[in-house]
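To start, the structure under review is shown below, and the notes come after it.
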Amino acid sequence: MKKASIPAILLFCLATISISFGQGPFQQVKPTAQDQVRLTKLERAYKAAKSALAKAPNSAKAKKDFTTIGAAYGHESMVSPVLTPRVKYPQALHIYREVLKVDPNQKTAKSESELIISIYKQMGRPVPQG
């Protein structure tokens, strides 16, 4: 008997929960103004941290700020109802890859990028590059 993978189990649980609440299995949640504001604030903070890191690439503080903000922005990109799935997952993966270049051990970026990649592979779709 073949064992199910964790991402497949999580996907099934999410689908089951959304069906039980009367929504379609993958129906998009309507974004609120707060969702847009949160995503925009994190995007600005991420760009500022990236710029600060470019100006001081050896600064431990700049690296820490970039990886912390980058992980938060990547996560918000991945879960935000503001973005469609065709945008959110490639965007999150791109952000996580940039974070992992600075800190290969950043937990959120590492685990969530691995999750996104495994889901793409399970779906038989090419993993976004870049």
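A quick yes/no check of all residues on (1) among the β-branched types (V, I, T); (2) more than 28 Å from K55 (Cβ to Cβ); (3) touching a His at 6+ places or on another chain (Cβ under 9 Å):
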site	(1), (2), (3)
A71	no, no, no
R86	no, yes, no
P90	no, no, no
G130	no, no, yes
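Within the range 60-118, track down each residue that is basic (K, R) and either under 26 Å from P31 (Cβ atoms) or surrounded by 17 or more Cβ atoms within 10 Å (Cβ to Cβ) (or both). Once the filter is applied, which keeps residues that are basic (K, R) and either under 26 Å from P31 (Cβ atoms) or surrounded by 17 or more Cβ atoms within 10 Å (Cβ to Cβ) (or both), the range 60-118 yields K63, R86, K88, R97. For V29, the requirement of being of a type outside the set (G, A, S), surrounded by fewer than 16 Cβ atoms within 10 Å (Cβ to Cβ) and modelled with pLDDT of 95 or more is not met. Taking every residue in the range 114-130 that is free of Cβ contacts under 8 Å to residues at least 60 places away in the same chain and pairing it with any residue that is loosely packed, with under 10 Cβ neighbours inside 10 Å and part of a loop (DSSP other than H, G, I, E, B), at least 6 positions away or on another chain, the pairs with Cβ-Cβ distances below 8 Å are Y120/P126. Taking residues in the range 75-104 that are over 26 Å from A33 (Cβ atoms), and partners anywhere that are among the hydrophobic types (A, V, I, L, M, F, W, C), the pairs with Cβ atoms closer than 6 Å and at least 6 places apart or on different chains are L93/I116; Y96/A109; V99/A71; V99/A109; L100/A109; V102/F66.
The values are calculated or read from the model by the stated rules, or taken from the named source; none is laboratory data. From a predicted model like this one, the values you see are computed outputs, not experimental measurements. Cβ sites come from the backbone with ideal geometry, for glycine too, and all protein chains shown count toward neighbours.
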